[in-house]
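Shown below is the structure under consideration.
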Amino acid sequence: MGNVKAAITSVGGYVPDFVLSNGDLEKMVETTDEWITTRTGIKERRILKGERKGTSDLAAPAVLELCKKRGIDPSEIELLICATTTPDYVFPATANIICEKVGAKNAFGFDLQAACSGFMFALVTGSKYIESGQYKKVVVVGGDKMSSIVNYQDRTTCVLFGDGSGAVLLEPNTEGFGILDSILRSDGSGLEYLHQKAGGSVNPPSHKTIDRQEHFVFQEGQQVFKFAVTKMADVSAEIVERNGLKGEDIAWLVPHQANKRIIDATAKRMGIGREKVMLNIERYGNTTNGTIPLCLWEWEKKLRKGDNLIIAAFGGGFTWGSIWLKWAI
Ligand code: UT7
């Protein structure tokens with residue numbers, strides 16, 4: 001089974017209807033459309049409204065869409081991996097809840113947590129199940145209801161994030177298409193710069209943690225920016241070089257959407273023009289695990305069989321990496 005690769009054969013996506021614009025945020029915190037646009041590239045983001053709605057409500061429509069497009073019944077899915085940082089519950093896994101919602105009755109599922117690199121880590125994990133030869137239909141879904149952990153009184157973070165989800169179907173391919181190489185990295189010393197202070201086993205929820213507003217995203221933006229801009233560019237250049245690829249061989253860069261300036265630096269380092277970069281941060285902001293599959297979802301019609309795609313991400317942890325894949329459909 002040595003030459004079996006995992007190819008993406010269908011893509012689904014979902015963003016909620018409610019739009020939170022920079023203009024809306026100007027009324028909520030001390031900020032301006034100009035600051036947000038020039039520092040991040042974001043103009044608006046989507047927010048999931050409604051009582052008792054969670055990440056699975058974003059992910060389930062994306063999974064159903066990919067099944068419909070591929071003409072398969074959800075009961076044919078064998079494994080569903082959900083990459084999320086905002087699970088519906090601490091336990092059980094959101095993957096189980098998604099499987100229940102879509103009718104994936106024959107699948108096993110689990111969640112994978114690697115902050116903004118989660119979808120990329122999950123995609124590589126899913127590909128290994130396919131390469132083993134034992135699994136033929138693996139769904140990898142990435143999504144986050146970031147609005148559930150964002151403090152809308154903190155201007156340094158609330159302008160950055162949005163809610164959304166995307167999903168891909170992985171199937172075996174023996175014709176040289178699919179995920180061909182990956183580099184994944186993590187560095188636990190990044191904890192201090194980007195984390196949620198309470199709610200885990202180190203600092204369980206209490207009145208004190210609520211009073212101290214510790215259940216929200218905490219980020220030292222500049223520190224994270226410094227690491228992100230170097231690591232994402234380094235790892236993208238590394239995967240291109242070690243596979244003998246040049247700028248002109250790359251059809252698309254599919255970057256995590258945290259900051260347009262980080263994306264621009266990565267593209268420049270790889271020697272590829274802006275026209276080859278998937279960029280939708282202006283409409284959705286940073287949806288954490290949703291950014292990369294949402295890009296694939298929006299650009300799917302422009303992708304051609306055999307296109308070389310480089311996926312790249314950087315996130316909390318720190319975590320980062322890149323994937324080289326050849327588009328198969
Ligand atoms: O996806 C996971 C990984 N995360 C990332 O990759 C994010 C990486 N970091 C970033 O993208 C950027 O650091 C931010 C967009 C978060 C911040 O941009 P920055 O250029 O690094 O700004 P800064 O944090 O250095 O802040 C500059 C100034 C500060 O004011 P002073 O101290 O210079 O007076 C901030 O208080 O901008 C101020 N500021 C704001 N002003 C208006 C911070 N947030 C805002 C705001 N509106 N929303």
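The values are calculated or read from the model by the stated rules, or taken from the named source; none is laboratory data. Predicted, not measured: the structure shown is a model, and the values here were computed from it. In this analysis, Cβ positions are derived from the backbone assuming ideal geometry, glycine residues included, and neighbour counts consider all displayed protein chains. Areas reflect the complete protein model, heavy atoms only, side chains present, ligands, DNA and RNA absent. Shrake-Rupley method; radii C 1.70, N 1.55, O 1.52, S 1.80 Å.
Testing TYR14 on (1) open to solvent by 40 Å² or more (accessible area, probe 1.4 Å); (2) over 27 Å from ILE281 (Cβ atoms), one condition comes back false. Which one is that?
Tallying (1) open to solvent by 40 Å² or more (accessible area, probe 1.4 Å); (2) over 27 Å from ILE281 (Cβ atoms), TYR14 fails exactly one: (2).
Considering each residue of segment 254-273, count those that are open to solvent by 20 Å² or more (accessible area, probe 1.4 Å) and in contact (Cβ under 8 Å) with a residue 60 or more places away in the chain, and give that number.
Counting residues in segment 254-273 that are open to solvent by 20 Å² or more (accessible area, probe 1.4 Å) and in contact (Cβ under 8 Å) with a residue 60 or more places away in the chain gives 3.
Of all residues in segment 25-38, count the ones that are open to solvent by less than 50 Å² (accessible area, probe 1.4 Å), farther than 18 Å from GLN257 by Cα and of a type outside the set (A, V, I, L, M, F, W, C).
Within segment 25-38, residues that are open to solvent by less than 50 Å² (accessible area, probe 1.4 Å), farther than 18 Å from GLN257 by Cα and of a type outside the set (A, V, I, L, M, F, W, C) number 1.
Residue by residue through segment 1-45, note down the ones that are part of a strand (DSSP E or B), in contact (Cβ under 8 Å) with a residue 60 or more places away in the chain and among the hydroxyl-bearing types (Ser, Thr, Tyr).
THR9, SER10, TYR14
Checking PHE225 against (1) under 15 Å from the mean Cα position of the chain (by Cα); (2) within 10 Å of the ligand (Cβ to nearest atom); (3) open to solvent by 40 Å² or more (accessible area, probe 1.4 Å), which test does it fail?
(1)
Report yes if some residue within segment 145-161 is open to solvent by 40 Å² or more (accessible area, probe 1.4 Å), at negative phi, more than 15 Å from the ligand (Cβ to nearest atom) and assigned by TED's automatic domain parsing to the domain that holds ILE281; otherwise report no.
Taking segment 145-161 and keeping what is open to solvent by 40 Å² or more (accessible area, probe 1.4 Å), we get 148, 152-156.
So of that shortlist, the ones also at negative phi come out as 148, 152-156.
Imposing the further condition that a residue be more than 15 Å from the ligand (Cβ to nearest atom) reduces the set to 148.
Among the residues that remain, those that are also assigned by TED's automatic domain parsing to the domain that holds ILE281 are: none.
No, there is no match, as no residue in segment 145-161 is open to solvent by 40 Å² or more (accessible area, probe 1.4 Å), at negative phi, more than 15 Å from the ligand (Cβ to nearest atom) and assigned by TED's automatic domain parsing to the domain that holds ILE281.
Can you pull out the residues in segment 27-85 that are within 16 Å of the ligand (Cβ to nearest atom), more than 30 Å from LYS128 (Cα to Cα) and within 16 Å of the chain's Cα centre (by Cα)?
Within segment 27-85, ARG45 is the sole residue that qualifies.
Can ARG283 be described as away from the ligand (no atom under 15 Å from the Cβ), touching a residue at least 60 places away in the same chain (Cβ under 8 Å) and not assigned by TED's automatic domain parsing to the domain that holds GLY143?
Judged against the criteria, ARG283 is a match.
Quick one: count up the residues across segment 132-173 that are of a type in the set (Phe, Trp, Tyr) and in a loop (DSSP other than H, G, I, E, B).
Going through segment 132-173 one residue at a time, the tally reaches 2.
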